[in-house]
Structures are given as structure tokens and as C-alpha cells.
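The values are calculated or read from the model by the stated rules, or taken from the named source; none is laboratory data. A quick note: this is a predicted structure, and the numbers were derived from the prediction, not measured. Every residue, glycine among them, receives a Cβ derived from its backbone with ideal geometry; neighbour counts consider all protein chains shown.
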Amino acid sequence: MSESPLDESPYDVLGVDRTASNEELRRAYRRRARQTHPDLGGSAATFNAVQLAWEQLGTPESRAAYDRGASARPASAPASDESEHVWATSRSRSTQRDSRPKARMYGHPGGRARDRFTTLMREWVGRGSEPVDIYDDALIRRAPSEIKHALADALAEEATARALGDLGMGYTVWHGVATERGSDTWVVDADAAASDTRKIDHVVLGPSGLFAVQSEDWGAPARPRRGDLISEGLAKGEKPVHALATRAKAVARAARVKFTALIVVLPDNALDGAITALGRTRGLPAFAVQRSVIGHFLRTGVPDAPRPAGTDMFEVRTRLQNSIRLV
């Protein structure tokens with residue numbers, strides 16, 4: 001399986017069915033390699049994707065491993081925790097216990113999105129059918145876009161939460177900070193379903209400030225435009241940074257605190273740069289940050305931004321703890 005359920009599978013990249021013979025795979029690879037080669041007018045990124053797909057499927061052994069879901073990483077890829085993706089669980093992939101002090105954490109990152117994924121998947125499969133593994137790679141690949149997006153949301157939140165946990169004991173993190181419909185002090189996106197409680201994925205407080213952090217995976221690259229982010233994976237007119245700013249303002253009013261910055265965290269391959277400044281939105285500086293550097297960014301903080309003193313941070317944490325509600 002791939003890093004994200006929104007990514008194309010190697011079969012999709014090569015343009016063949018999962019039941020294709022090894023010879024059909026070989027012919028498809030040669031055809032796609034010619035079509036996408038940069039020297040022949042193709043895209044380097046697409047050509048690289050074709051090579052990666054062939055590494056995953058090019059031998060009977062590697063294909064069998066991919067089909068079993070035994071490895072999300074081709075032989076040539078570096079062995080890193082981020083490559084060994086497990087869709088069915090958010091548990092740590094390390095085999096050694098990490099004794100380093102962790103950030104103080106509250107809430108269940110990705111829990112709401114996983115609940116939504118489970119509900120949608122079971123409805124799509126059919127309640128009266130035989131029990132199935134809802135995390136089966138082939139099943140997820142066939143699922144409607146809404147189902148894959150729900151799983152991608154959960155995975156994105158869980159991946160960011162792992163990085164936030166490593167910030168250390170000087171940081172406090174609340175996962176899934178709720179908003180509430182029908183209240184002057186809380187807001188909900190205008191296009192949200194009546195039963196949907198919107199949220200900030202992570203609120204992070206530490207020596208570098210107070211941050212509203214949203215974890216996203218839109219299945220497509222993103223780029224800045226007029227203080228926000230645009231992507232083919234977003235609905236027309238959607239403004240994720242503006243939406244985050246609106247939610248952050250509501251939480252700030254309820255807790256009587258002030259956020260230092262807004263952060264949208266995206267997969268590394270979705271952004272050209274590690275950290276992209278997006279200007280100010282509703283008076284707050286906003287940034288798009290690659291997932292692999294979110295810990296570094298939060299430890300370093302925003303240049304020239306005021307940092308809370310020890311007593312001030314304790315007071316802010318108390319106010320947040322007393323006012324925050326979690327989904």
C-alpha cells in the first residue's frame with residue numbers, strides 16, 4: 001500500500017488492472033516509461049512515479065509483497081518510520097521504547113475521522129454482507145472518494161500527533177478541539193453538515209507560543225495564493241487557511257487567549273518548500289509546513305513573535321484547559 005489512500009496505486013500508475021499478468025505489467029511499464037520520459041516531452045515527476053511503481057510490482061516477489069500489504073516501501077527506498085505506513089492503527093511503529101519526555105497530550109487525534117471512515121465504509125460495503133477487512137488495500141482503492149478522504153484525514157492527524165508528541169515536556173497539545181453550532185462564541189463552517197462538529201485538529205502551547213494546527217492530505221500538491229492555499233484536491237472556493245483562522249478566533253475568544261500563528265501541515269510531497277509563509281489571515285500569521293519539519297518549526301517559533309513567559313504560559317494553559325472541549 002502507499003503512504004496515503006488518496007495516492008494512486010502502482011497498478012493505477014502503470015495503467016493496468018490488478019489481475020494483469022506479469023507480462024502485461026512489463027509491457028505497460030515500457031509503454032508508460034516511453035510516454036513519461038522527460039527527454040521525450042514527459043514529466044520528470046510522473047516518470048519517477050512510473051519507476052517507483054515498477055520497483056513495487058516488477059518482480060513476482062515484490063508484487064506479492066505489495067499485494068499482501070507486507071511492505072509499503074520498495075527495496076531502494078530508505079528504511080524510515082514514515083515509510084512503514086500502517087493504515088489500520090495509529091500505534092507507534094518503533095520496536096524500541098522511547099524514554100524521552102513527551103509533550104502533555106489530550107484528546108484522540110484522528111478519532112473522529114476514523115469513526116467517519118468506519119461508518120462510511122461499512123455502509124458502502126453493506127451491513128448484510130460477510131465480515132470484511134475494511135482496511136484492505138484493494139477495497140479502499142475501490143471505495144468512493146469520500147471514504148478515502150476520511151481515512152486520509154485520520155492518517156494525517158495521527159502523523160502530526162506523533163511529531164507533536166516528540167516536542168517534549170515543555171509543550172501541551174490538545175487534539176480535536178471542538179467548535180459548537182448555535183453559539184456566539186463558537187463557529188462552524190457554512191458548508192458543514194448539520195450533524196458535523198467542526199474542529200481544530202491540534203492546539204499547541206509551548207515556549208514558542210500558541211498555535212492552531214490543521215493536518216491535511218488533499219491527495220494533490222498545494223500552493224499559496226492570495227494568503228491561502230489552493231489545490232486540485234480542494235473543492236472550488238474552499239479556503240482552508242481562512243477556515244482555520246475563523247475557528248482559531250472563536251477558540252481564542254472563548255479562552256481569552258491569543259494565538260501566535262496558524263499552521264496547515266501537509267505531506268512533504270504536497271509542498272515545494274519545507275515552510276511557506278502565507279501572510280496574515282484575520283490578523284494572524286499563517287504558514288504551510290511540510291509534515292517532516294513541523295516539530296522543528298514549533299520549537300523554533302515564528303521570527304520576531306513574542307514568546308510567553310513561564311507564568312504567562314501557565315495562565316494560558318489553565319484558561320485553555322478550562323474552556324477547550326474535545327471531539
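In this structure, does Phe287 turn out to be outside any helix (DSSP H, G or I), of a type outside the set (Gly, Ala, Ser), under 21 Å from the mean Cα position of the chain (by Cα) and closer than 24 Å to Gly168 by Cβ?
Numbers: outside any helix (DSSP H, G or I): yes; of a type outside the set (Gly, Ala, Ser): yes; under 21 Å from the mean Cα position of the chain (by Cα): yes; closer than 24 Å to Gly168 by Cβ: yes.
Yes.
Can you tell me how many residues in the stretch 273-282 are in contact with a helix residue (DSSP H, G or I) (Cβ under 7 Å, 6 or more places away or on another chain) and free of Cβ contacts under 8 Å to residues at least 24 places away in the same chain?
Filtering the stretch 273-282 for residues in contact with a helix residue (DSSP H, G or I) (Cβ under 7 Å, 6 or more places away or on another chain) gives 274-275, 278, 281-282.
Checking which are free of Cβ contacts under 8 Å to residues at least 24 places away in the same chain leaves us with 274-275.
Qualifying residue count for the region: 2.
Residue by residue, here is whether (1) among the hydrophobic types (A, V, I, L, M, F, W, C); (2) within 28 Å of Ala254 (Cβ to Cβ); (3) in contact with a strand residue (DSSP E or B) (Cβ under 6 Å, 6 or more places away or on another chain); (4) buried (at least 16 other Cβ atoms within 10 Å of the Cβ) holds:
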position: Asp272; (1), (2), (3), (4): no, no, no, no
position: Leu278; (1), (2), (3), (4): yes, yes, yes, yes
position: Phe287; (1), (2), (3), (4): yes, yes, yes, yes
position: Val293; (1), (2), (3), (4): yes, no, no, yes
position: Glu315; (1), (2), (3), (4): no, yes, no, no
position: Ile324; (1), (2), (3), (4): yes, yes, yes, yes
Item to check | Tabulated pairs, the stretch 7-28, first under 21 Å from Lys148 (Cβ atoms), second polar (S, T, N, Q), C-beta under 6 angstrom, 6+ apart or interchain | outcome: Pro10/Gln56
Checklist entry - Here is a list of conditions, (1) surrounded by 15 or more Cβ atoms within 10 Å (Cβ to Cβ); (2) in contact (Cβ under 8 Å) with a residue 60 or more places away in the chain; (3) assigned to a loop (DSSP other than H, G, I, E, B); (4) not hydroxyl-bearing (Ser, Thr, Tyr), and Glu238 meets all of them except one; can you say which number that is? => result (2)
Checklist outcome for this item: Residue hits (the stretch 26-48; touching a helix residue (DSSP H, G or I) at 6+ places or on another chain (Cβ under 6 Å) and within 29 Å of Leu139 (Cβ to Cβ)) are Ala28, Tyr29, Arg32, Thr36, Thr46
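What residue, of Arg122, Arg141, Arg97, is within 19 Å of the chain's Cα centre (by Cα), more than 30 Å from Ile324 (Cα to Cα) and either modelled with pLDDT under 85 or surrounded by fewer than 21 Cβ atoms within 10 Å (Cβ to Cβ) (or both)?
Result of the check over Arg122, Arg141, Arg97: Arg141.
For the stretch 175-182, check the following and say yes or no: at least one residue is modelled with pLDDT of 90 or more, surrounded by fewer than 21 Cβ atoms within 10 Å (Cβ to Cβ), under 21 Å from the mean Cα position of the chain (by Cα) and not aromatic (Phe, Trp, Tyr). Spell out the reasoning first.
Here is the first cut: in the stretch 175-182, the ones modelled with pLDDT of 90 or more are 175-177.
Retained after the next criterion (residues that are surrounded by fewer than 21 Cβ atoms within 10 Å (Cβ to Cβ)): none.
Looking through the stretch 175-182, none of the residues is modelled with pLDDT of 90 or more, surrounded by fewer than 21 Cβ atoms within 10 Å (Cβ to Cβ), under 21 Å from the mean Cα position of the chain (by Cα) and not aromatic (Phe, Trp, Tyr).
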Checklist entry - Which of the residues belonging to the stretch 293-322 are small (Gly, Ala, Ser) and either modelled with pLDDT under 95 or touching a Pro at 6+ places or on another chain (Cβ under 8 Å) (or both)? => result Gly301, Ala305, Ala309, Gly310
Checklist entry - How do the pairs read when you match residues in the stretch 132-155 that are over 10 Å from Ser4 (Cα atoms) with residues anywhere that are of a type in the set (Phe, Trp, Tyr) and crowded, with 21+ Cβ neighbours inside 10 Å, using Cβ under 7 Å and keeping only pairs 6 or more apart or on different chains? => result Tyr135/Trp87; Ile147/Phe117; Ala150/Phe117; Ala154/Phe117
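So that you can scan it fast, the table gives a plain yes or no per residue for (1) among the aromatic types (Phe, Trp, Tyr); (2) touching a residue at least 40 places away in the same chain (Cβ under 8 Å); (3) touching a Ser or Thr at 6+ places or on another chain (Cβ under 6 Å):
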residue	(1), (2), (3)
Ala248	no, yes, no
Arg256	no, yes, no
Leu271	no, yes, no
Pro285	no, no, no
Gly301	no, yes, yes
Asn322	no, yes, no
